[in-house]
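> Please see the structure below; I have some questions.
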Amino acid sequence: MLNPWRSEFSLILLALLVGVFLGKLFHYPILILWITVLTYLGHHLLHANRLIEWLRGGKANELPKGSGIWEEIYYLIFRLRRRNRRRKKQLIRLLDRFRTATAALPDATVVLSAGDQIDWFNDAAGKLLGLRRNDIGQKIGNLLRYPKFAHYLQHENYETTVGIPSPVHENIQLDIRIIPYGDDLRLLVAQDVTQLRFMERVRTDFVANVSHELRTPLTVIRGYVESLVDNADKLPENFGRALQRMEEQTLRMQTLIDDLLTLTRLESATHQITQQRVDVPSLLTEIHEEALDLVMESKPKLELSIETGAGLLGGRQELRSAFTNLIHNALKYCGDRDTVLVRWHDEAEGVRLDVSDTGPGIAAEYLPRLTERFYQVDPGRGTGGTGLGLAIVKHVLARHGAELKISSAIGKGSTFSCCFPGHRVYRHAGMTDESA
């Protein structure tokens, strides 16, 4: 920028010198000076008009002629326009590649602008969602008229997905996710999960049917084994030990079948959760009293601390199953000198149940898998568990909008926390906090 300004100052100085010379020559110095200044301003106005015409419709590849500072201005604008053209071509190529890639996807993909209006969609969206080219510019909510989808759009909870039937064919099940990106833009992706839902239903029905069919013969076997155990004193000693082992294993199988049926019921889409008021302090007191029998056998110390009288809106039996599983798990893995503390208390946005123990603890690499079906950290320990307890807890909490948090360290014990949101909590008038 230094050379153009130097050239411009030289031009100004030259014009002034010429003006002074002509003024002295014709004896009208002020008039000649004004004419010189106006000529200089006219020069700039001419180039300003030339710049406007060039920007409006001039050929972008042609650089207007200019001198001094205007030559630099023309060049910088020309370079900027050339750079913008290259960037525009790159963006067009990227957009073409994006559209080509998304058009090849088997999942329906729709680009939504502000107001949930359709900007673009791929071929799969036409097949699965029934969209047509003249639907561009329409609101997606006006075309997919499902209450669940409308609620999903309205609340903008895009961390989850919503399942709806396809508008094209009601037997096709779609799983829809909306991904925000850019400046008030969203990407709607609809996946055909018909086969996946069918396989899940087959698996659930299979487990439920097999478990149900096994209950009757297992009950008969268990009844006979218990009768034989009651008369074990009349049998040889080795028979007595064998019958005792048979009783233990039939009881374990019975527990496994009951847990499988519970888990299947929780996973069933037709099983609706009851919205009753659950007196959690009373429920925990009942579970605590029942668990004292286990404490007498294994001798870990069991403590209950109720620091709030808040209850929950949900299913009493489901919550009882989840809380019982957590407490019994802690007792099973604790030794004679360990302590299990059950704490019901308020937290910032809701209420929380903590089941803490001073047991052996769990290594960090095992924590992510604890809620998987049949997963056991150390199956060789023979605690008699089925590996389904924490899976049941996870499903019960999910149905109540709650979250299971696990923290543990080797040699320092573990804490299993059930965190319930505020909309699941109820507090009656005159409620007072208690502790036990």
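> Taking the condition of being of a type in the set (A, V, I, L, M) and surrounded by fewer than 12 Cβ atoms within 10 Å (Cβ to Cβ), how many residues in the stretch 211-243 meet it? Can you show your working first?
Taking the stretch 211-243 and keeping what is of a type in the set (A, V, I, L, M), we get 214, 218, 220-221, 225, 228-229, 232, 235, 242-243.
Next, only the ones that are surrounded by fewer than 12 Cβ atoms within 10 Å (Cβ to Cβ) stay: 220.
Within the stretch 211-243, residues that are of a type in the set (A, V, I, L, M) and surrounded by fewer than 12 Cβ atoms within 10 Å (Cβ to Cβ) number 1.
> Do you know which of the residues in the stretch 46-71 that are more than 56 Å from the chain's Cα centre (by Cα) and surrounded by fewer than 11 Cβ atoms within 10 Å (Cβ to Cβ) is modelled with the lowest pLDDT?
Here the answer is Lys65.
> Something else now. Which one of these is out of contact with any Cys (no Cβ under 8 Å at 6 or more places or on another chain), within 30 Å of Thr102 (Cα to Cα) and either surrounded by 12 or more Cβ atoms within 10 Å (Cβ to Cβ) or hydrophobic (A, V, I, L, M, F, W, C) (or both): Met199, Met246?
Values: Met246 fails: within 30 Å of Thr102 (Cα to Cα).
Residue meeting the stated conditions: Met199.
> Okay, next question. Here are the criteria: (1) in the same structural domain as Lys394 (by TED's automatic domain parsing); (2) at pLDDT below 75; (3) not charged (D, E, K, R). Tell me which single one Ile257 does not satisfy.
(1)
> Now for a different question. Just a yes or no: is a residue in the stretch 110-118 out of contact with any Asp or Glu (no Cβ under 9 Å at 6 or more places or on another chain), surrounded by fewer than 19 Cβ atoms within 10 Å (Cβ to Cβ) and of a type in the set (A, V, I, L, M, F, W, C)?
no
Yes/no per residue for (1) within 17 Å of Ala124 (Cα to Cα); (2) of a type in the set (A, V, I, L, M, F, W, C):
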| position | (1), (2) |
| --- | --- |
| Ala150 | no, yes |
| Asn157 | no, no |
| Pro165 | yes, no |
| Val168 | yes, yes |
| Tyr181 | no, no |
| Leu185 | no, yes |
| Val189 | yes, yes |
| Phe198 | no, yes |
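> Would you say Asn142 is in the same structural domain as Glu62 (by TED's automatic domain parsing) and among the polar types (S, T, N, Q)? Write out each step before concluding.
On the way: in the same structural domain as Glu62 (by TED's automatic domain parsing): no; among the polar types (S, T, N, Q): yes.
It is false that Asn142 is in the same structural domain as Glu62 (by TED's automatic domain parsing) and among the polar types (S, T, N, Q).
Quick grid of which residues meet (1) modelled with pLDDT under 80; (2) of a type in the set (Asp, Glu); (3) in contact with a Cys (Cβ under 9 Å, 6 or more places away or on another chain); (4) in the same structural domain as Leu261 (by TED's automatic domain parsing):
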| site | (1), (2), (3), (4) |
| --- | --- |
| Leu367 | no, no, no, no |
| Lys394 | no, no, no, no |
| Leu397 | no, no, yes, no |
| Leu404 | no, no, yes, no |
| Ser407 | no, no, no, no |
| Gly422 | no, no, no, no |
| Ser435 | yes, no, no, no |
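> From (1) among the hydroxyl-bearing types (Ser, Thr, Tyr); (2) under 21 Å from Cys334 (Cα atoms); (3) modelled with pLDDT under 90, pick out the condition that doesn't hold for Ser268.
Going through (1) among the hydroxyl-bearing types (Ser, Thr, Tyr); (2) under 21 Å from Cys334 (Cα atoms); (3) modelled with pLDDT under 90 one by one, Ser268 breaks only (2).
> For the stretch 352-380, how many residues meet the condition of being in contact with a Pro (Cβ under 9 Å, 6 or more places away or on another chain) and in a strand (DSSP E or B)?
So the count comes out to 1.
> Here is a follow-up. Given the criterion modelled with pLDDT of 85 or more, charged (D, E, K, R) and not assigned by TED's automatic domain parsing to the domain that holds Glu247, identify the matching residue among Glu349, Glu372, Glu318. Don't jump to the end; show me each part of the working.
Numbers: Glu349 fails: modelled with pLDDT of 85 or more; Glu372 fails: modelled with pLDDT of 85 or more.
Among Glu349, Glu372, Glu318, only Glu318 is modelled with pLDDT of 85 or more, charged (D, E, K, R) and not assigned by TED's automatic domain parsing to the domain that holds Glu247.
> Quick check on the stretch 176-184. Is at least one of its residues in contact (Cβ under 8 Å) with a residue 60 or more places away in the chain, out of contact with any Pro (no Cβ under 6 Å at 6 or more places or on another chain) and not small (Gly, Ala, Ser)?
Checking the stretch 176-184: at least one residue is in contact (Cβ under 8 Å) with a residue 60 or more places away in the chain, out of contact with any Pro (no Cβ under 6 Å at 6 or more places or on another chain) and not small (Gly, Ala, Ser).
> Among residues belonging to the stretch 412-427 that are more than 26 Å from the chain's Cα centre (by Cα) and surrounded by fewer than 18 Cβ atoms within 10 Å (Cβ to Cβ), point out the one that is nearest to Leu397 (Cα to Cα).
Among them, the one singled out is Tyr426.
The values are calculated or read from the model by the stated rules, or taken from the named source; none is laboratory data. Small disclaimer: the values here were computed from a predicted structure and weren't measured. Please note: Cβ atoms are built from the backbone with ideal geometry, for glycine as well, and neighbour counts cover all protein chains shown.
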